[in-house]
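Notes follow once the structure below has been shown.
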């Protein structure tokens, strides 16, 4: 009997090949879409965390209020002590002091006269300490286009587009004209070690990257830093953990009335990241859910139609004396086989598509021009553990439920009624 | 009646179907008996109740009132499982539109009732080949229904109905889709099987070609037995 049913299933293309193709396509789309949404949300979040907000950030209370203005006159002092405290209290996290600043880059000619000038957004971080992870965290080796990474004090990195605009080559000298912590104008010379291309419009416009000790010297900020960014273990942002860490840190300074007392903020508590994190958490889930539900409805319907289409065959089988329960069970078994086959193939194909999207991504640079939030110009998928099973929800469950519902219709009909429909 | 033992007894059978807010009465107090080995037909115009009566005898439907006993089973009191068991073991069906399983071969279509009865492989093979020989389709065992003519399809349906050698075969308008030559061929085959296997064959028909072969005709009119004629006795 089982052989008989399998033969029927294999030979009847509209009962096997077509439903498997439909399930495969549905599952493939679900898996790829899920990974893509996860990738887009996760990558955008991590990018903003890496370059700007950290998973948590420690600032003075006064600095935090105007953080978007980069008010280095309100920066943290005695940073090494604070850094030690942070490492002691939250040893699993990585802490990195940074200075963000604005300034003007002046490029001199051979006579020392200004040849070109341009506004720069500066980021100072620990590039030279052996125990610093900042170079890898920012992916500087990957982003390097020309020259090399700074190996000694006084060397700087600038974005490739910026270097082309100002006609700067690696090895050229540049002058940073900026404002010190105390509000006075400062000028400091650097040698360009290399140029960078991040693939993000906001970073590629005019970024200057310095070692933090050079920036402290240039901006007159000894043992100071605008902010100390912290990164959670595992490297992925988790809002609950970040907020919990911030609350634990801030509790110790709650009674301190000083406006320069340190304040820790989670990524979602900074700038415009709150709604985005919420969007990431809620909408990524919704988008995946909507897609899963939509595919489930399609596959449910396919299962339903598949069952209804077989009224004739079922009528004959009942007339031959097959019990309704047996007919119903075989329909369910068939849909399980089709659901599993389609889900497995669809998941494999979906993961392949997701892998391609993860490796190569889709270039959306044109859409990101002028964006103030850091969006990756190449959106990549991220294959997370749910990608391995999420396709089975529409693929297997919906197919089986659709068949089960159509089967119930058959089950409830009088056998003679099935016969009338069969003869019709 | 041909005087043999009774395998179908029908007493005061009434069948009503819900229709809109009311009811439609398809059968109005039918009382009949059929004996083993009969070659009989329910004859009448459309809507006279032939198919409804055939469905009840075949345990596909149940009486609203009255009593129907088929091969010792009271149709009105059978559970769905018991009704399926009765059909599986004792009743063969032949339909107007053949209703063969299109993706299965002739052999597999005929084999299907034996699979339900859980006969072993060699037993099935022998019984299927016997059935195909009765209907003259041994050479078509590997063909599929779409490759067959209408007459051949109906012969496969006959082989399927007869393969388990049931005591009762019910045929609903079996020649309606066939031309005259094929109809006569089919009816001769059924007549032969009736004679050789002593199977009771009960037709629902208004086809004159079938009526010409029947040995007993029960004329139905508006759900009642109008006439019950034994035309010819062997």
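The values are calculated or read from the model by the stated rules, or taken from the named source; none is laboratory data. Note that this is a predicted model, so its numbers are computed, not measured. Please note: Cβ atoms are built from the backbone with ideal geometry, for glycine as well, and neighbour counts cover all protein chains shown.
Yes or no: residue B:142 assigned to a loop (DSSP other than H, G, I, E, B) and within 19 Å of the chain's Cα centre (by Cα)?
Judged against the criteria, residue B:142 is not a match.
Looking at this structure, is residue A:327 more than 25 Å from residue B:112 (Cβ to Cβ) and in a helix (DSSP H, G or I)? Walk me through it before giving the result.
Values: more than 25 Å from residue B:112 (Cβ to Cβ): no; in a helix (DSSP H, G or I): yes.
So residue A:327 does not fit the description; no.
Looking at B:132, B:193, B:178, can you tell me which residue is outside any loop (DSSP other than H, G, I, E, B) and more than 26 Å from residue A:12 (Cβ to Cβ)? Can you show your working first?
Numbers: B:132 fails: more than 26 Å from residue A:12 (Cβ to Cβ); B:178 fails: outside any loop (DSSP other than H, G, I, E, B).
Of B:132, B:193, B:178, the one residue that is outside any loop (DSSP other than H, G, I, E, B) and more than 26 Å from residue A:12 (Cβ to Cβ) is B:193.
Here are some residues: B:80, B:84. Which one is crowded, with 24+ Cβ neighbours inside 10 Å and either within 8 Å of chain A (Cβ to nearest Cβ) or modelled with pLDDT of 90 or more (or both)? Talk me through it step by step, then tell me what you get.
Working: B:80 fails: crowded, with 24+ Cβ neighbours inside 10 Å.
Selected residue: B:84, the only one of B:80, B:84 that is crowded, with 24+ Cβ neighbours inside 10 Å and either within 8 Å of chain A (Cβ to nearest Cβ) or modelled with pLDDT of 90 or more (or both).
Go through region B:115-131 and report how many residues are surrounded by fewer than 22 Cβ atoms within 10 Å (Cβ to Cβ), touching a residue at least 12 places away in the same chain (Cβ under 8 Å) and either in contact with a strand residue (DSSP E or B) (Cβ under 8 Å, 6 or more places away or on another chain) or more than 9 Å from chain A (Cβ to nearest Cβ) (or both).
4
Going by the conditions given, is residue A:124 surrounded by 12 or more Cβ atoms within 10 Å (Cβ to Cβ) and in a helix (DSSP H, G or I)?
Against the criterion (surrounded by 12 or more Cβ atoms within 10 Å (Cβ to Cβ) and in a helix (DSSP H, G or I)), residue A:124 does not qualify.
Testing residue B:89 on (1) part of a helix (DSSP H, G or I); (2) facing chain A (nearest Cβ under 8 Å); (3) buried (at least 21 other Cβ atoms within 10 Å of the Cβ); (4) in contact (Cβ under 8 Å) with a residue 40 or more places away in the chain, one condition comes back false. Which one is that?
Evaluating residue B:89 over (1) part of a helix (DSSP H, G or I); (2) facing chain A (nearest Cβ under 8 Å); (3) buried (at least 21 other Cβ atoms within 10 Å of the Cβ); (4) in contact (Cβ under 8 Å) with a residue 40 or more places away in the chain leaves (3) as the failure.
Identify, from the list B:60, B:71, B:53, the residue that is away from chain A (no Cβ under 11 Å), buried (at least 24 other Cβ atoms within 10 Å of the Cβ) and either on the phi > 0 side of the Ramachandran plot or within 16 Å of the chain's Cα centre (by Cα) (or both).
Details: B:60 fails: away from chain A (no Cβ under 11 Å); B:71 fails: buried (at least 24 other Cβ atoms within 10 Å of the Cβ).
B:53 is the lone residue from the list that is away from chain A (no Cβ under 11 Å), buried (at least 24 other Cβ atoms within 10 Å of the Cβ) and either on the phi > 0 side of the Ramachandran plot or within 16 Å of the chain's Cα centre (by Cα) (or both).
Picking from A:56, A:79, which residue would you name as being touching a helix residue (DSSP H, G or I) at 6+ places or on another chain (Cβ under 8 Å) and either within 18 Å of residue A:224 (Cα to Cα) or at pLDDT 95 or above (or both)? Working first, answer last.
Values: A:79 fails: touching a helix residue (DSSP H, G or I) at 6+ places or on another chain (Cβ under 8 Å).
It is A:56.
Scan region A:153-212 residue by residue and report those that are within 28 Å of the chain's Cα centre (by Cα) and assigned to a loop (DSSP other than H, G, I, E, B).
A:197, A:198, A:199, A:200, A:205, A:206
Identify, by number, the condition in (1) in the same structural domain as residue A:294 (by TED's automatic domain parsing); (2) in contact with a helix residue (DSSP H, G or I) (Cβ under 6 Å, 6 or more places away or on another chain) that residue A:96 doesn't meet.
Unmet for residue A:96, out of (1) in the same structural domain as residue A:294 (by TED's automatic domain parsing); (2) in contact with a helix residue (DSSP H, G or I) (Cβ under 6 Å, 6 or more places away or on another chain): (1).
How many of the residues making up region B:150-167 are crowded, with 24+ Cβ neighbours inside 10 Å and either part of a loop (DSSP other than H, G, I, E, B) or touching a residue at least 60 places away in the same chain (Cβ under 8 Å) (or both)?
7
Hey, residue B:147 hits all of (1) free of Cβ contacts under 8 Å to residues at least 40 places away in the same chain; (2) away from every other protein chain (no Cβ under 12 Å); (3) buried (at least 17 other Cβ atoms within 10 Å of the Cβ) but one; which does it fall short on?
The failed condition is (3).
Can you go through A:362, A:383 and tell me which one is in contact with a strand residue (DSSP E or B) (Cβ under 6 Å, 6 or more places away or on another chain) and at pLDDT 70 or above? So that I can check it myself, show each step before the final result.
Values: A:383 fails: in contact with a strand residue (DSSP E or B) (Cβ under 6 Å, 6 or more places away or on another chain).
So the residue among A:362, A:383 that is in contact with a strand residue (DSSP E or B) (Cβ under 6 Å, 6 or more places away or on another chain) and at pLDDT 70 or above is A:362.
Please return the ranges of helices (runs of 4 or more DSSP H) entirely within region A:1-85 where 2 or more residues are crowded, with 24+ Cβ neighbours inside 10 Å and in contact (Cβ under 8 Å) with a residue 60 or more places away in the chain. Show your work before the answer.
Values: elements: A:2-11, A:17-48, A:61-65.
Ranges flagged: A:17-48.
Looking only at region A:128-152, how many residues end up being under 25 Å from the mean Cα position of the chain (by Cα) and closer than 19 Å to residue A:190 by Cα? Even if it seems obvious, please write down each step before you answer.
Kept after step one, since they are under 25 Å from the mean Cα position of the chain (by Cα), are these residues of region A:128-152: A:132-145.
Right, trim to closer than 19 Å to residue A:190 by Cα and you get A:135, A:140, A:144-145.
The number of residues fulfilling the criteria is 4.
Does residue B:101 satisfy the criteria of being within 13 Å of another protein chain (Cβ to nearest Cβ), in a loop (DSSP other than H, G, I, E, B) and under 29 Å from residue B:13 (Cβ atoms)?
Working: within 13 Å of another protein chain (Cβ to nearest Cβ): yes; in a loop (DSSP other than H, G, I, E, B): yes; under 29 Å from residue B:13 (Cβ atoms): no.
Answer is no for this residue.
Just name the residue that is farthest from the other protein chains (Cβ to nearest Cβ) out of those in region A:1-60 that are under 26 Å from residue A:398 (Cβ atoms) and in contact with a strand residue (DSSP E or B) (Cβ under 9 Å, 6 or more places away or on another chain).
So, considering only residues that are under 26 Å from residue A:398 (Cβ atoms) and in contact with a strand residue (DSSP E or B) (Cβ under 9 Å, 6 or more places away or on another chain), the one farthest from the other protein chains (Cβ to nearest Cβ) is A:40.
Which residue is farthest from the chain's Cα centre (by Cα), if the candidates are limited to region A:324-355 and must be surrounded by 18 or more Cβ atoms within 10 Å (Cβ to Cβ) and within 14 Å of another protein chain (Cβ to nearest Cβ)?
If we take residues in region A:324-355 being surrounded by 18 or more Cβ atoms within 10 Å (Cβ to Cβ) and within 14 Å of another protein chain (Cβ to nearest Cβ), then A:324 is farthest from the chain's Cα centre (by Cα).
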